[in-house]
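Single-structure report; data block below.
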Amino acid sequence: MPPRPGYSVHPGLLRMGGSAADAAAYLRDAPRYVEAMYAKRPALRPLHDALEALAFSLGDDIRLCPGQTIVPVYRRHVIAQIKPATKTRIDFGLALGGLKGKGRLQETGGFAKKDRITHRIAVTSPADIDQALRDWLRRAYEGDAG
């Protein structure tokens, strides 16, 4: 399976001094990580793909670096993450700092713990990937401008 366009080497691998061969292996395996996440929850895969496409639409500086349980979305830092939480829900995490959660935008407790991901929106259907979610993602993106 070839690397999916847009997947980038996870920064943790680079920080740990990974070699070019390690990077190539990661890029080869990254799509398999995503496939494995949805093997037992195939109904969520179209939602995941839509969230990936939305993230890539933000700009050319977006990188997705799949792990075995989440797909973090990077600009300079992590601005969002796609995480299958149950068989029927993806938690779309966002880096929004100390902003108060309201409505569907729920605080994760991450701000108090100094985590990057501070909020989440439950995504259970295409209707959940609405203008409000797009606006929150745009805010996270713009908040990591530099």
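The values are calculated or read from the model by the stated rules, or taken from the named source; none is laboratory data. None of these values were measured; they are calculated from a predicted model. All Cβ positions, glycine included, derive from the backbone under ideal geometry; neighbour counts span all protein chains shown.
The set of residues in the stretch 10-27 that are under 17 Å from Val71 (Cβ atoms) and modelled with pLDDT of 90 or more comprises Tyr26, Leu27. When the helices (runs of 4 or more DSSP H) confined to the stretch 1-115 are screened for residues that are in contact with a Leu (Cβ under 8 Å, 6 or more places away or on another chain) and crowded, with 19+ Cβ neighbours inside 10 Å, those reaching at least 1 such residues are found at 20-37, 45-56.
Scanning for something basic (Lys, Arg), touching a Ser or Thr at 6+ places or on another chain (Cβ under 7 Å) and modelled with pLDDT of 95 or more, does the stretch 37-58 turn up at least one residue? No, that holds for no residue.
Take the conditions (1) within 29 Å of Arg138 (Cβ to Cβ); (2) in contact with a Phe, Trp or Tyr (Cβ under 8 Å, 6 or more places away or on another chain); Gly18 misses just one of them, which is (1).
Every residue, every condition in (1) basic (Lys, Arg); (2) within 18 Å of Val123 (Cβ to Cβ); (3) without any contact (Cβ under 8 Å) to a residue 24 or more places away in the chain, yes or no:
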site	(1), (2), (3)
Pro11	no, no, no
Ala23	no, no, yes
Ala43	no, yes, no
His48	no, yes, no
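Return the residue satisfying two criteria in turn: it lies in the stretch 84-104 and is hydrophobic (A, V, I, L, M, F, W, C) and over 14 Å from Arg138 (Cα atoms), and of such residues it is nearest to the chain's Cα centre (by Cα). Out of the qualifying residues, it is Ile90.
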